[in-house]
Amino acid sequence: MLTIYGRRSSSNVQKVMWLVAELGLAHEHVALGGDHGGLAEPAFRALNPHGLIPTIRDGDVVVWESHAILRYIAAQYGPDAFWPESPAARSSVDRWMDWAQTTWQPSFVDGVFWGMYRTPAAQRNNDAVSRAIEACAAHMRQLDAALADRPYLAGDNLTLADIPLGATLYRYFNLEIARPNVPYVEAWRQRLEARPAYQTHVMIAFDALKDKPFPTGR
């Protein structure tokens, strides 16, 4: 049985839960982190010495780091379409996964969601937040251009390329911040929001995270 460790309100955990639901995989979920606690427990640290979520156990295999988990699950259980075997096709997926982690995450997840939403007003660096919001707008315009000729980031179908970015879209579009006009991103978002797995694991309330700075909600 595949076991997934982490709180459902974590966007990194949501990536994994979303993919597992898309594939219809039987699994057990163990809530850890945030108000659930448990990340410092010896049993969990034996699985992940860094004490972070998500972490999965699949028989004798333990994997941590959300994108490594996505690639493992897709390779082990998913059809070729999610993470293609062809090096050229796979590179298209991997590029967007890396872009989500190295470009989008610092601006939105770290700069806006953590820097503004999860940080109490009195503790915020408002100039840094404003710069992060502007950076997000620029990234959204880049994303919009990429989606102008395709329904999903790597082509005609949902792949791992869409999941890291897609898992944060619901939050980005539901925060009270300035956003650019990005019609192709909006259309992509609507396609994702029509998927039952996305509705169940990504489109969930996140108001309990407001004003809870790191490390409370890790």
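Observations
- Selection within the range 184-199 - of a type in the set (Phe, Trp, Tyr) and more than 15 Å from ALA146 (Cβ to Cβ): TYR198
- Exclusive hit being under 29 Å from CYS136 (Cα atoms), aliphatic (A, V, I, L, M) and surrounded by fewer than 16 Cβ atoms within 10 Å (Cβ to Cβ), set ALA88, ALA100, ALA46, ALA26: ALA88
- Test: residue in the range 184-205 that is surrounded by fewer than 18 Cβ atoms within 10 Å (Cβ to Cβ), within 19 Å of VAL13 (Cβ to Cβ) and of a type in the set (Val, Ile, Thr): yes
- Taking the range 1-117 and the helices (runs of 4 or more DSSP H) fully enclosed by it, the elements with 1 or more residues that are within 15 Å of the chain's Cα centre (by Cα) and outside the structural domain of ALA135 (by TED's automatic domain parsing) are at 11-23, 66-77.
The values are calculated or read from the model by the stated rules, or taken from the named source; none is laboratory data. Quick caveat, the model's predicted, so the values are computed rather than measured. In this analysis, Cβ positions are derived from the backbone assuming ideal geometry, glycine residues included, and neighbour counts consider all displayed protein chains.
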